[in-house]
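Working notes for the structure below.
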Amino acid sequence: MEQIDITDNMYDLIISSSDPKSSHLFVYKLYQKGSLRDTPWVQIWGDPFSADITRNSKLYKWRAKLEEKRLLGKATWSVYVSKLTLEAQKRRYFQYSDKMIFCAPGYVKEKEYQVKEITGIPKIVYCGNYSSKARNLLPFYRAMLKTQYNVVICGNGDISIENTEHIILRERSSFEEVEHIEEDADVLVYLCNKKGSQIPGKIYQYLGTTKYILFILDGEIDNIKKIFEPYARFVFCKNTEEDILDKLDKIFKGQYQHMQFVVKEFSPESRALDLMCQIGYENEY
């Protein structure tokens, strides 16, 4: 593979994302070895190292915080895709809080399906991992056992659930396969984390569709609902069997048809412009 050298004055900005986490470390090495000195560096943080709720050892937390602090100290701007994470990081690394900002991610592409009445047996899809350390999928699964809805659960997890005549379990799939699964659904299910400030990015992809979105609240319920409720785009429910079944019943009775629209604020163009404006590059975009 041809080696590409990145040096000062080649670009107006250097942007790295924490997905994968190694991208921040790669850019840091460019500054460390002197290839870059003056080019502004924008770090986009989805999952901060020190906020990983699936890894609780004291040694990991200590090393993660040390590494994160080193990276943040070199950044020109640190951009967080969750308001709750931004607030937590400002408290955790108060010395760098003046260069921390929030910018929500967006959907990859718009999928404006024809809005139609649901006939026959409804199709419900949950796509996402469900490690018991991070998310509690059991109330949803148990609720679906009480119905005859056609359900697809696509992702990896560590809980004891099984296929049934109408519930299909699939391992984590490619982006293209997930698109096909979601296209066939009547309802897309979004499940919050059990704790912490991180908001799984799948919800922003769903904002680019006209599908019904069942938003299962968990963790910091009040704060999360406060962020997303103004968009009037989600059917919120508690993470209990009773509330999940109640809200799905109301969806299929047509009570939420007014919520089937694309939220243009989360288009790629809108998100890029928002970021450029916040860091003072709006005239360059």
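The values are calculated or read from the model by the stated rules, or taken from the named source; none is laboratory data. Note that the structure is a prediction, hence the values are computed from the model and not measured. Cβ coordinates were reconstructed from backbone atoms using ideal geometry, including for glycine residues, and neighbour counts include every protein chain displayed. Please note that ligands, DNA and RNA were not included when accessible areas were found on the heavy atoms of the full protein model with its side chains. Shrake-Rupley method; radii C 1.70, N 1.55, O 1.52, S 1.80 Å.
Considering only residues in the range 76-118 that are free of Cβ contacts under 8 Å to residues at least 12 places away in the same chain and not polar (S, T, N, Q), the one that is nearest to I213 (Cα to Cα) turns out to be K116. Only one of the numbered conditions (1) under 18 Å from K109 (Cα atoms); (2) in contact with a helix residue (DSSP H, G or I) (Cβ under 6 Å, 6 or more places away or on another chain) is not met by S197, and that is (1). Against the numbered list (1) within 30 Å of M100 (Cβ to Cβ); (2) part of a loop (DSSP other than H, G, I, E, B), F261 comes up short only at (1). Determine if the range 215-222 includes at least one residue that is part of a helix (DSSP H, G or I), within 24 Å of S270 (Cα to Cα) and in contact (Cβ under 8 Å) with a residue 24 or more places away in the chain. Among the residues of the range 215-222, not one is part of a helix (DSSP H, G or I), within 24 Å of S270 (Cα to Cα) and in contact (Cβ under 8 Å) with a residue 24 or more places away in the chain, which makes the answer no.
For the range 116-140, filtering for residues that are assigned to a helix (DSSP H, G or I) and surrounded by 23 or more Cβ atoms within 10 Å (Cβ to Cβ) leaves 1.
Could you grab the pairs with beta carbons closer than 8 Å, sequence gap of 6+ or different chains, first residue in the range 238-251 and of a type in the set (S, T, Y), second one open to solvent by less than 50 Å² (accessible area, probe 1.4 Å) and at pLDDT 95 or above? Cβ pairs passing all conditions: T240/P139. Within the range 65-106, the set of residues being under 12 Å from W45 (Cβ atoms), aliphatic (A, V, I, L, M) and assigned to a helix (DSSP H, G or I) comprises L71, L72, L86, A88.
Conditions tested, residue by residue: (1) touching a helix residue (DSSP H, G or I) at 6+ places or on another chain (Cβ under 6 Å); (2) not in a loop (DSSP other than H, G, I, E, B).
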site: A143; (1), (2): yes, yes
site: E162; (1), (2): no, no
site: V178; (1), (2): no, yes
site: A185; (1), (2): no, no
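Residue-wise test of (1) of a type outside the set (V, I, T); (2) farther than 26 Å from I118 by Cβ; (3) open to solvent by 40 Å² or more (accessible area, probe 1.4 Å).
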{"site": "S160", "(1), (2), (3)": "yes, yes, yes"}
{"site": "I168", "(1), (2), (3)": "no, no, yes"}
{"site": "E182", "(1), (2), (3)": "yes, no, no"}
{"site": "P200", "(1), (2), (3)": "yes, no, no"}
{"site": "I221", "(1), (2), (3)": "no, yes, yes"}
{"site": "E229", "(1), (2), (3)": "yes, no, yes"}
{"site": "F234", "(1), (2), (3)": "yes, no, no"}
{"site": "T240", "(1), (2), (3)": "no, no, yes"}
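Within the range 206-241, take every residue that is among the polar types (S, T, N, Q) and touching a Lys or Arg at 6+ places or on another chain (Cβ under 9 Å) and give me the one that is modelled with the lowest pLDDT. That would be N223. State whether one or more residues within the range 54-67 are in contact (Cβ under 8 Å) with a residue 40 or more places away in the chain, touching a strand residue (DSSP E or B) at 6+ places or on another chain (Cβ under 6 Å) and of a type outside the set (D, E, K, R). Taking every residue of the range 54-67 in turn, none turns out to be in contact (Cβ under 8 Å) with a residue 40 or more places away in the chain, touching a strand residue (DSSP E or B) at 6+ places or on another chain (Cβ under 6 Å) and of a type outside the set (D, E, K, R).
Number of residues in the range 127-142 that are closer than 11 Å to I167 by Cα and touching a Leu at 6+ places or on another chain (Cβ under 8 Å) equals 0. Selection of the range 168-200 for residues being among the basic types (K, R) and over 14 Å from L137 (Cα atoms) yields R170, R172. For the range 147-160, which residues satisfy the criterion of being closer than 18 Å to L245 by Cα and either basic (K, R) or assigned to a loop (DSSP other than H, G, I, E, B) (or both)? Those that are closer than 18 Å to L245 by Cα and either basic (K, R) or assigned to a loop (DSSP other than H, G, I, E, B) (or both): T147, Q148, Y149.
Scoring K109 on the criteria (1) surrounded by fewer than 18 Cβ atoms within 10 Å (Cβ to Cβ); (2) closer than 23 Å to S50 by Cα; (3) of a type outside the set (D, E) leaves a single failure, condition (2).
Applying the selection to the range 252-285, what residues are without any contact (Cβ under 8 Å) to a residue 40 or more places away in the chain and among the aromatic types (F, W, Y)? Across the range 252-285, the qualifying residue is only Y285.
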